[in-house]
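Only one structure is covered here, and it is reproduced in the block below.
The values are calculated or read from the model by the stated rules, or taken from the named source; none is laboratory data. Because the structure is a prediction, the values reported are computed rather than measured. Note that we place each Cβ from the backbone using ideal geometry, even for glycine, and neighbour counts take in every protein chain shown. For accessibility, only protein heavy atoms count, side chains too; no ligands or nucleic acids. Shrake-Rupley method; radii C 1.70, N 1.55, O 1.52, S 1.80 Å.
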Amino acid sequence: MPPAAKPAKKRPRGYDPAKIRAAVSAQFGQVREAVEALTPEQLALPTGLGEWTVRELAAHLSMAVESVNLCLEQPVRSEAAAVAEAGPVVVLAEWPFATARVAGAIAENVTALAATAPPGELFARAAARFEALLPAADDGRMLVTRVGAMRLADYLVTRTVELIAHTDDLNRAAGLSIPYDRQALAACTRLLADALAVKAPGASTEVRVPPYAVVQCVPGPRHTRGTPPNVVETDPLTWIRLATGRTAWAEALDTARVSASGERADLSGLLPLMT
């Protein structure tokens with residue numbers, strides 16, 4: 001009897017680089033407009049993110065794009081040179097797991113940055129540099145980032161996670177209603193869904209985040225046709241809050257923001273994906 005065929009490897013999800021560039025620019029622009037209108041009283045509000053006030057959160061949001069600028073100002077490197085300096089190339093769907101080890105350093109930088117200038121000035125500076133540096137940059141360019149070597153196109157996808165998750169934080173902390181760019185929200189949702197599939201590979205559970213993402217995950221009997229026996233479904237913002245630790249699994253269930261059916265539909269042991 002011939003050996004059983006190995007299951008085919010899932011092809012990594014592709015993103016349109018032009019759409020991602022536009023999405024990052026659009027979301028950053030919407031946040032910038034709101035930040036520039038914040039009052040001193042709003043800037044002093046707590047965020048629930050450690051000791052950060054809205055001022056520190058706004059500074060961190062400016063860094064979502066400023067970090068791209070800093071990378072693009074580095075000398076152009078070959079992949080080998082970038083790996084030698086920064087570490088192995090970070091696979092996009094594994095990026096969410098690589099951020100925890102640099103969280104402390106980022107928090108220190110944010111506190112220092114917030115003290116240097118008003119948030120509006122930080123955003124204006126970052127936007128001007130982004131508009132000057134990004135257009136001529138090749139999508140395949142290797143960057144030296146905090147978490148390892150990354151291609152520019154992949155790193156820009158990670159910026160949608162930073163921008164969308166923290167736009168949500170800012171909206172809730174300061175009582176704002178900054179809109180979410182559709183492409184940025186889609187990319188953020190998909191990247192975090194793909195990260196779940198990496199963390200819990202399998203095909204016994206289907207996680208649906210309409211209208212942007214559907215992934216199969218969790219070891220167990222493979223579903224082939226019809227309605228899967230284990231299904232989790234939620235909306236994009238709830239999914240992002242679950243994946244980033246803003247909302248607990250039990251809370252999302254209790255408030256009916258997530259539905260889960262089947263014995264393998266409990267994701268509480270797998271979340272959050274980012275801390």
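Would you mind working out the magnitude of the charge dipole of the chain relative to its Cα centre, with +1 at each Lys and Arg C-beta and -1 at each Asp and Glu C-beta, to the nearest 20 Debye? For the chain, the charge dipole is close to 1040 debye.
Surface exposure of segment 50-205, expressed per residue as accessible area with a 1.4 Å probe, stands at 39 Å². Candidates 61, 27, 15 compared by Cα position along the dipole of segment 1-146: farthest toward the positive end lies 15, with charges placed on Cβ. For the pair segment 77-101 / segment 22-64, the C-alpha centres are spaced 27 Å from each other. Computed over the alpha carbons of segment 16-70, Rg followed by Dmax gives 13.0, 40 Å. For the pair residue 107 and residue 256, label points projected 7 Å from Cα toward Cβ lie 3.7 nm apart. For the chain, the relative contact order works out to 20 percent when only alpha carbon pairs closer than 8 Å and six or more residues apart are counted. Charging the Cβ of each Asp and Glu at -1 and of each Lys and Arg at +1, and nothing else, the dipole of segment 1-121 about its Cα centre rounds to 960 debye.
Give me the net charge of residue 142's neighbourhood, meaning all other residues with Cβ under 12 Å from the Cβ of residue 142; Lys, Arg count +1, Asp, Glu -1.
Working: positive: 77, 141, 151; negative: 79, 85, 138, 139, 154.
Here the count lands on -2.
Spacing of the modelled spin labels on residue 74 and residue 182, each 7 Å from Cα toward Cβ, amounts to 3.5 nm. Full extension of the chain segment joining residue 41 with residue 91 gains 13.9 nm, where the gain is 0.36 nm per residue of separation less the Cα-Cα distance. A probe of 1.4 angstrom, applied to the heavy atoms of all protein chains, finds residue 19 with accessible area near 110 square angstrom. Span-like helix criteria (full DSSP H runs; alpha carbon extent of at least 15 Å along the helix axis; mean Kyte-Doolittle hydropathy of at least -1.0) are satisfied in the chain by 17-36, 54-72, 103-114, 119-133, 152-174, 182-199.
What a 1.4 Å probe finds exposed on the chain is 56% carbon and sulfur by accessible area, rounded to a whole percent. Computed about its Cα centre, the charge dipole of segment 212-275 is approximately 220 debye, with only Lys, Arg, Asp and Glu carrying charge at their Cβ. In this structure residue 97 has an accessible area near 80 Å², from a 1.4 Å probe over the protein heavy atoms. All alpha carbon pair distances within the chain were sorted into 5 Å bins beginning at 0; the resulting P(r) in whole percents reads 1, 5, 12, 16, 18, 16, 13, 9, 5, 3, 1, 0, 0, 0, 0.
How charged is the neighbourhood of residue 210? Take every other residue with its Cβ under 13 Å from the Cβ of residue 210, and add Lys/Arg as +1 and Asp/Glu as -1. Result for the neighbourhood of residue 210: -1.
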